[in-house]
Amino acid sequence: MDKLRFGAVSALALFCSGCFVRHRTVAAPAAAKNAPLLTATKEDLISRIQSVFDPIQSFTLRADMAPSVGAIYGGELTDYATVRAYVLFKRPDTIRVMGLDPVVHSKTIFDMVSTNNIFRVWIPIRTAFYIGRNDAPPSSKNKLENLRPTAFLTSLIVEPPDPSDRTVLEDDTDETKAVYILFMLREHEEQLRLARAVYFDRYSLAISRQKTFDDSGAIVSETRYSDWKDFDGVRYPSTIEIRRPKDGYEVTMTVITAKFNPTDLTPQQFVLEQPPGAKVTEIK
């Protein structure tokens, strides 16, 4: 027993003496950017979302759009040619996105509209016209043909928490990153579920990412925001990366011009009629 006790004490002494201890320095997140970390409360960050959201009632965007399809979170991705896109938006949920041929900019390759959860998509090269609900499951083997206006609707605007949401704030700061994450939870079948998460860069408190989730907690969309600019008094990101892992595609948008709350935006500009001779597919 004495020998056993002596062995244990000897081992403890070795550890305490530093023979088996290695000291290392962990860099603080601020060291990478040579900038101080900013602090904010949950209420401060909700107010920042509100300050970005409130001034925008409508907009028109001209942007370069680079789509990719494949395994978004690890695997092979196929990149497609960058197209010129025009986006019209009016709150609360009306949006139109038009994509032009990358070579002949006067030629439309797709036109899509969404209003009140109903979408219409026109693909001229296939004389195909689709009508359906935004929450309808994907119907095409071609992943890009499953691109719906709702993908843009949920990514181009960051909304404040709903009054019924429960919010939780995490300070996710370590030696590799420094972000605040505002989680929004909603009641579903008498249980709380994660609905949305908004990320804030702790160097600037700018919104850097937004995730939306389905009822099982799987990611529906992940959008990254960067290079925020002032467009005639309205702050808006000029680079927007939209990822839809369940749908198998991502779209990177680089904003070229943006007009917010334009007075010449009319309801007629959000009307997409079925062209003569189009093959109509109803998606349920």
Legend entry - Out-of-range pairs (alpha-carbon distance over 23 Å; input 143/279; 42/177; 90/141; 107/211; 90/229): 90/141; 107/211
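Considering only DSSP states other than H, G, I, E and B, which GluC sites (Glu not before Pro) in the stretch 138-216 qualify as loop sites with at most 16 other Cβ atoms within 10 Å? Mind dumping the intermediate values first?
Values: sites: 145, 170, 175, 187, 189, 190; in loops: 175, 189, 190.
Passing both the DSSP loop test and the Cβ count: 175, 189, 190.
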Inset, instruction - Work out, step by step, the length gained on full extension between residue 165 and residue 34: first 0.36 nm times the residue separation, then minus their alpha carbon distance; give nm to one decimal. - result: 43.5 nm
Inset, instruction - Quickly work out the residue 181-to-residue 47 label distance, labels modelled 7 Å from Cα along the C-beta direction, and quote it in nm with one decimal. - result: 2.5 nm
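Shape call for the stretch 172-281 from the C-alpha gyration tensor, a ≥ b ≥ c root eigenvalues: rounded (a/c under 1.5), prolate (a/b greater than b/c) or oblate? Don't skip to the end; give the middle numbers.
On the way: a/c = 2.08, a/b = 1.26, b/c = 1.65.
Note, shape of the stretch 172-281 comes out oblate.
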Legend entry - Nearest-ten-degree value, helix 42-53 long axis tilted from longest Cα axis of the chain: 20 degrees
Inset, instruction - Over the chain, average the accessible area per residue using a 1.4 Å probe and give it in Å², no decimals. - result: 57 Å²
Legend entry - Virtual spin-label span in nm between residue 263 and residue 141, 7 Å along Cα→Cβ: 5.3 nm
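Rounded to the nearest percent, how much of the accessible area of the chain (1.4 Å probe, protein heavy atoms only) is carbon and sulfur? Let's see the in-between values first.
On the way: 8500 of 16060 Å².
That fraction is 53 percent.
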Legend entry - Rounded tilt (10° steps) of 2-17 against the dominant C-alpha axis of the chain: 60 degrees
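The values are calculated or read from the model by the stated rules, or taken from the named source; none is laboratory data. For clarity, every value in this text was computed on a predicted model and none was experimentally measured. FYI the Cβ positions are ideal-geometry reconstructions off the backbone, even for glycines, and counts take in every protein chain you see. We work out accessible area using only protein heavy atoms, side chains counted, and drop any ligands, DNA or RNA first. Shrake-Rupley method; radii C 1.70, N 1.55, O 1.52, S 1.80 Å.
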